[in-house]
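Data first, discussion second: the structure below is written as structure tokens.
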Amino acid sequence: MADKSVRALAAELKNFLSAHEEEDFVSAAAQPAAAGFSRVTGQEDNTPAQPQMGPASPVLYQQVSPSRPAQHAAAVSKQPPQDTLTVVFGQAAQQHPQPVTVEKPQPVVSAPVCPPDQPPVGGTMTTEEKTAALAELAATIKNCSRCPLGDTRLNAVPGEGNVNARLMFVGEGPGYDEDRQGRPFVGRAGQLLDKMIAAMGLKREEVFIANIAKCHPMVDPQHPEKHGNDRAPNAQEIACCRKYLEKQISIILPEVVVALGGVSAKALIADAKSLGALRGKFYTLSLDNVSLPRPVKILATFHPAALLRNPGWKKDAWADLQMVMAHMGLKAPSK
Ligand code: URA
């Protein structure tokens, strides 16, 4: 009789242990951390955490210790290796000095939990993956109408250059010529930028050139054919476009970003009063929508258009670029 109740008790214990184990795994699997990855940063807006551009999305994931399964594994590993579980409990222990042996509950094998697709970031992407990701992003930008500039542009200007560039230049936004060609810095300011790049011992094709705003901000949007119709992007336009530039930076993952002019410097470094307060110093780039896998330096200098208007500033701009060259180990070409 006593034997029977011990058996019943043992059977109950067995059921309880199996049920508990199963629950444990089911609830652990339902948690994102159990999959081995957790989201590092949030999106700027309330869009779902789901990457929007497949493998190129810069939404980052980092490996975390899957605490619940780990605890579980630790608990299991403490059990003796035999196929039976020896228990001695309460009254039964007094009545039966011999330990009761019951069959060890079989470990519950939960269905494998697939981690979410880990979007590659610049540091881990191949050249082909970067090229495809930037092309996909450029296509998104060309269809973008997140702000009113999308209605008045002739062409969006996503940016161009080497997908593995060590150095990236970021201007404020396309002007007249860029709007017509769909390429950044192709007007007079662009010609000066080309000279600045050459003075650093680099070719335009070796760097990546982009803008904060991807569409032409116009003073008079009714007349896109007018010259002298350029203006800086406003705060709303910058906010709408920011995620595109941030994705570009996270894909390319340059060593240094040079912010050209006050609009770019204030958008990417700090909303200081003037470019003068920011230029000529290295900062560590911190993005709103993306965590970069390694630090990227940023330095602000004069916009080439400002240098065309104020050639006396070129000396200071050259000093800024020499800081970048020293940081990157670049040598000016011999004349
Ligand atoms: N000025 C900018 O800021 N960007 C360009 O692409 C051209 C001129």
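The values are calculated or read from the model by the stated rules, or taken from the named source; none is laboratory data. Here the structure is a predicted model, which is why all the values come from computation and not from measurement. Backbone-built Cβ (ideal geometry, glycine too); neighbour counts: all protein chains shown. The accessibility values were calculated without ligands, DNA or RNA, using every heavy atom of the protein model including side chains. Shrake-Rupley method; radii C 1.70, N 1.55, O 1.52, S 1.80 Å.
Approximating the spin labels as points 7 Å out from Cα along Cα→Cβ, the residue 129-to-residue 155 distance works out to 3.1 nm.
The eigenvalues of the Cα gyration tensor, multiplied by 5 and square-rooted, give the range 124-191 an equivalent ellipsoid with semi-axes of 22, 17, 9 Å from largest to smallest. Each of 250, 145 has its accessible area taken with a 1.4 Å probe; listed largest first, they run 145, 250. Around the amide H of residue 213, modelled in the peptide plane, lie the amide H atoms of 173, all under 5 Å away and 5 or more residues distant in sequence or on another chain. Evaluating 6.51 cos²θ - 1.76 cosθ + 1.60 at θ = phi - 60° for every residue in the range 125-140, the Karplus couplings come out as 8, 7, 4, 5, 5, 5, 4, 5, 5, 5, 5, 5, 5, 4, 5, 5 Hz, glycine and proline recorded as x.
Determine, at each q value in 0.13, 0.15, 0.17, 0.21 (inverse angstroms), the log₁₀ of I(q)/I(0) that the Debye formula gives when each Cα of the range 236-331 is one equal point scatterer. The Cα Debye sum returns log10 ratios of -0.46, -0.60, -0.77, -1.11.
Surface exposure of the range 187-332, expressed per residue as accessible area with a 1.4 Å probe, stands at 43 Å². What you get for the range 166-296, charging only the Cβ of Lys and Arg (+1) and of Asp and Glu (-1), is a dipole of about 340 debye around the Cα centre.
What does the net charge come to around residue 137 if you take all other residues with beta carbon closer than 14 Å to its beta carbon, with K and R at +1 and D and E at -1? Neighbour charge sum, excluding residue 137 itself: +3. Applying the Karplus relation 6.51 cos²θ - 1.76 cosθ + 1.60 with θ = phi - 60° to the range 163-169 yields 3J(HN,Hα) values of 5, 10, 4, 7, 10, 10, 10 Hz, where x marks Gly and Pro. The residues 274, 334, sorted by heavy-atom accessible surface at 1.4 Å with ligands and nucleic acids left out, run 334, 274 from largest to smallest. Using the Karplus relation 6.51 cos²θ - 1.76 cosθ + 1.60 with θ = phi - 60°, the per-residue 3J(HN,Hα) values for the range 250-258 come to 5, 6, 6, 6, x, 7, 9, 10, 9 Hz, with x marking Gly and Pro. Summing +1 for each Lys or Arg and -1 for each Asp or Glu among the other residues whose beta-carbon sits under 14 angstrom from that of residue 300 gives +1. The H on the amide N of residue 280, modeled in the peptide plane, is under 5 Å from the matching H of 300, each at least 5 residues off or on a different chain. Taking all protein chains together and rolling a 1.4 Å probe, residue 124 ends up with roughly 100 Å² accessible.
With R₀ fixed at 25 Å, the C-beta to C-beta distance from residue 319 to residue 232 puts the FRET efficiency at about 0.50. The stretch between residue 332 and residue 288 holds 12.4 nm of extra length on full extension. This uses 0.36 nm per residue minus the Cα-Cα distance.
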